[in-house]
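Right, one structure below, let's go through it.
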Amino acid sequence: MNYLTVAITALLIATSPFAFGHGDAKHAPAKKKAIPTEEKAFGREGDPQKAVRTIHVDMSDKMRFSPDTITVKQGETVKFVVKNSGKIMHEFVLGTMNELKEHSALMQKFPGMEHADPYMAHVAPGKTETIVWQFTKAGNFHFGCLLPGHFEAGMVGKLAVK
């Protein structure tokens, strides 16, 4: 490409309406987020108004969760309050053991990948995040930190839905 083509392309991109999507413009109030109905093997995103219980989970740099075993009732909507008491980033991801292993392997290959699924909480050191989840199916599931090396170091817990 010659200089003129590059300059014109850059000018068109810079002046497109998409280039200023988050400027100083006032935004309309956010609409209430609809609860998606995507069903996973371990349930679906829960409605915070229907949470019947809050479970506090602590993550530490010892690569452990506390508690590391959780039992819930089938149909129960739970609010997880996940605190990172460590000095490095951790995450709390709900899933089947196979899903967690697959995702962990993917994170090894692409450690900077970003995702914002409702069954994941990425928690900075000293911070707290929440997940609200409805456990629609009985079974034995897990939760883990899938950041490279954490899951392999044993940062995984058991979740029984009865």
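The values are calculated or read from the model by the stated rules, or taken from the named source; none is laboratory data. All values reported here derive from a predicted model rather than from experimental measurement. When we count neighbours, we look across all protein chains shown, and the Cβ atoms used for this are built from the backbone with ideal geometry, even at glycine.
Where residues in region 112-136 are in a loop (DSSP other than H, G, I, E, B) and at pLDDT 95 or above, which of them is surrounded by the fewest Cβ atoms within 10 Å (Cβ to Cβ)? Walk me through how you get there before you give the answer.
Kept after step one, since they are in a loop (DSSP other than H, G, I, E, B), are these residues of region 112-136: 112-119, 124-127, 135-136.
So of that shortlist, the ones also at pLDDT 95 or above come out as 124-127, 135-136.
Values: 124: 12, 125: 13, 126: 10, 127: 14, 135: 23, 136: 17.
The qualifying residue surrounded by the fewest Cβ atoms within 10 Å (Cβ to Cβ) is 126.
Can you find even one residue in region 154-162 that is modelled with pLDDT under 95, in a loop (DSSP other than H, G, I, E, B), over 15 Å from residue 42 (Cβ atoms) and touching a Cys at 6+ places or on another chain (Cβ under 7 Å)?
Checked against the condition, which is being modelled with pLDDT under 95, in a loop (DSSP other than H, G, I, E, B), over 15 Å from residue 42 (Cβ atoms) and touching a Cys at 6+ places or on another chain (Cβ under 7 Å), region 154-162 yields no hits at all.
Tell me which of these residue 38 doesn't satisfy, since it passes every other one: (1) in a loop (DSSP other than H, G, I, E, B); (2) more than 19 Å from residue 103 (Cβ to Cβ); (3) among the charged types (D, E, K, R).
Of (1) in a loop (DSSP other than H, G, I, E, B); (2) more than 19 Å from residue 103 (Cβ to Cβ); (3) among the charged types (D, E, K, R), only one is false for residue 38: (2).
Go over the candidates 162, 79, 109 one by one and state the one that is charged (D, E, K, R), surrounded by fewer than 19 Cβ atoms within 10 Å (Cβ to Cβ) and in contact (Cβ under 8 Å) with a residue 60 or more places away in the chain.
Details: 79 fails: in contact (Cβ under 8 Å) with a residue 60 or more places away in the chain; 109 fails: in contact (Cβ under 8 Å) with a residue 60 or more places away in the chain.
Just one listed residue meets the conditions, 162.
Return the residues of region 137-153 that are part of a loop (DSSP other than H, G, I, E, B) and within 17 Å of residue 89 (Cβ to Cβ); say none if nothing qualifies. Let's see the steps before the verdict.
Filtering region 137-153 for residues part of a loop (DSSP other than H, G, I, E, B) gives 137-138, 145-153.
Correct list: 145, 146, 147, 148, 149, 150, 151, 152, 153.
With respect to residue 49, is the statement that it is over 13 Å from the mean Cα position of the chain (by Cα) and part of a loop (DSSP other than H, G, I, E, B) true?
Judged against the criteria, residue 49 is not a match.
Which condition does residue 66 not pass, out of (1) out of contact with any Asp or Glu (no Cβ under 7 Å at 6 or more places or on another chain); (2) free of Cβ contacts under 8 Å to residues at least 24 places away in the same chain; (3) not aliphatic (A, V, I, L, M), if it passes all the others?
(1)
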